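These notes concern the structure reproduced below.
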Ligand SMILES: CC(C)(COP(=O)(O)OP(=O)(O)OC[C@H]1O[C@@H](n2cnc3c(N)ncnc32)[C@H](O)[C@@H]1OP(=O)(O)O)[C@@H](O)C(=O)NCCC(=O)NCCSC(=O)c1ccc(O)cc1
């Protein structure tokens, strides 16, 4: 299954008063990192779908386990591993590392969906398209 890894710096705006990560930023990093993974595969999950809908990958489940905290200006490696591709849903493991040391690990479930324009509450889920499934299944 697909792996995707990149490095990022822990910035001032992402720290608590003690100078370590303030945990909600991990959620934002997971959103940004997953979008980068999809974009790197040539898939924009938020692209328009026809004239009346926008694509989306709403999160349906997220569990986070904190092991050690990164400090201001440290480099954090974010690994994303595709763990399951269901019918409409996809599961991902996120690992945040300082070198080889695990800092935080999370399990996330997303669903392939679209939002009708002008009616964001009418979320429609759909089967993961075959070309997306094939790209996520590749060992890379
Ligand atoms: C998604 C829903 C409309 C349900 O749609 P339905 O089509 O009825 O869902 P189903 O019950 O058929 O389940 C569809 C699949 O999801 C799976 N599923 C459903 N619920 C769950 C939960 N809670 N955990 C894990 N998997 C789930 C289910 O097993 C099905 O999997 P497959 O077998 O692989 O197909 C409804 O659950 C919902 O609105 N949930 C709230 C979602 C939400 O508010 N998320 C947070 C805000 S959205 C967000 O953050 C976002 C991020 C990025 C974006 O691009 C867009 C939005």
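Read the figures in this text as sums done on the coordinates, not as results from a lab. Keep in mind that what you see is a predicted model, and the values were worked out from it rather than measured. Positions of Cβ are generated from backbone atoms using ideal geometry, with glycine treated the same way; all protein chains shown enter the neighbour counts.
If I filter the stretch 104-112 for residues that are farther than 19 Å from residue 27 by Cβ and either within 13 Å of the ligand (Cβ to nearest atom) or loosely packed, with under 13 Cβ neighbours inside 10 Å (or both), do I get at least one hit?
If we filter the stretch 104-112 for residues that are farther than 19 Å from residue 27 by Cβ, which is where we start, we get 112.
Narrowing further to those that are either within 13 Å of the ligand (Cβ to nearest atom) or loosely packed, with under 13 Cβ neighbours inside 10 Å (or both): 112.
Among the residues of the stretch 104-112, at least one is farther than 19 Å from residue 27 by Cβ and either within 13 Å of the ligand (Cβ to nearest atom) or loosely packed, with under 13 Cβ neighbours inside 10 Å (or both), which makes the answer yes.
Confirm whether residue 33 is surrounded by fewer than 14 Cβ atoms within 10 Å (Cβ to Cβ) and out of contact with any helix residue (DSSP H, G or I) (no Cβ under 9 Å at 6 or more places or on another chain). Please lay out each step first, then the result.
Details: surrounded by fewer than 14 Cβ atoms within 10 Å (Cβ to Cβ): no; out of contact with any helix residue (DSSP H, G or I) (no Cβ under 9 Å at 6 or more places or on another chain): yes.
Criteria not met by residue 33.
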Could you grab me the full set of residues in the stretch 10-30 that are in contact with a strand residue (DSSP E or B) (Cβ under 8 Å, 6 or more places away or on another chain) and within 12 Å of the ligand (Cβ to nearest atom)? 27, 30
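Taking residue 91, is it closer than 21 Å to residue 5 by Cβ and either touching a strand residue (DSSP E or B) at 6+ places or on another chain (Cβ under 6 Å) or exposed (fewer than 13 other Cβ atoms within 10 Å of the Cβ) (or both)? Steps first, please.
Values: closer than 21 Å to residue 5 by Cβ: yes; either touching a strand residue (DSSP E or B) at 6+ places or on another chain (Cβ under 6 Å) or exposed (fewer than 13 other Cβ atoms within 10 Å of the Cβ) (or both): yes.
Against the criterion (closer than 21 Å to residue 5 by Cβ and either touching a strand residue (DSSP E or B) at 6+ places or on another chain (Cβ under 6 Å) or exposed (fewer than 13 other Cβ atoms within 10 Å of the Cβ) (or both)), residue 91 qualifies.
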Where residue 73 falls short, out of the listed (1) touching a residue at least 40 places away in the same chain (Cβ under 8 Å); (2) over 21 Å from residue 139 (Cβ atoms); (3) surrounded by 12 or more Cβ atoms within 10 Å (Cβ to Cβ); (4) touching a helix residue (DSSP H, G or I) at 6+ places or on another chain (Cβ under 9 Å): (3)
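Give me a count of the residues in the stretch 47-58 that are surrounded by fewer than 15 Cβ atoms within 10 Å (Cβ to Cβ) and within 12 Å of the ligand (Cβ to nearest atom). Spell out how you get there, then give the answer.
First, pick out the residues of the stretch 47-58 that are surrounded by fewer than 15 Cβ atoms within 10 Å (Cβ to Cβ): 47-48, 50-52, 58.
With within 12 Å of the ligand (Cβ to nearest atom) added as a condition, the list becomes 47, 58.
Selection size over the stretch 47-58: 2.
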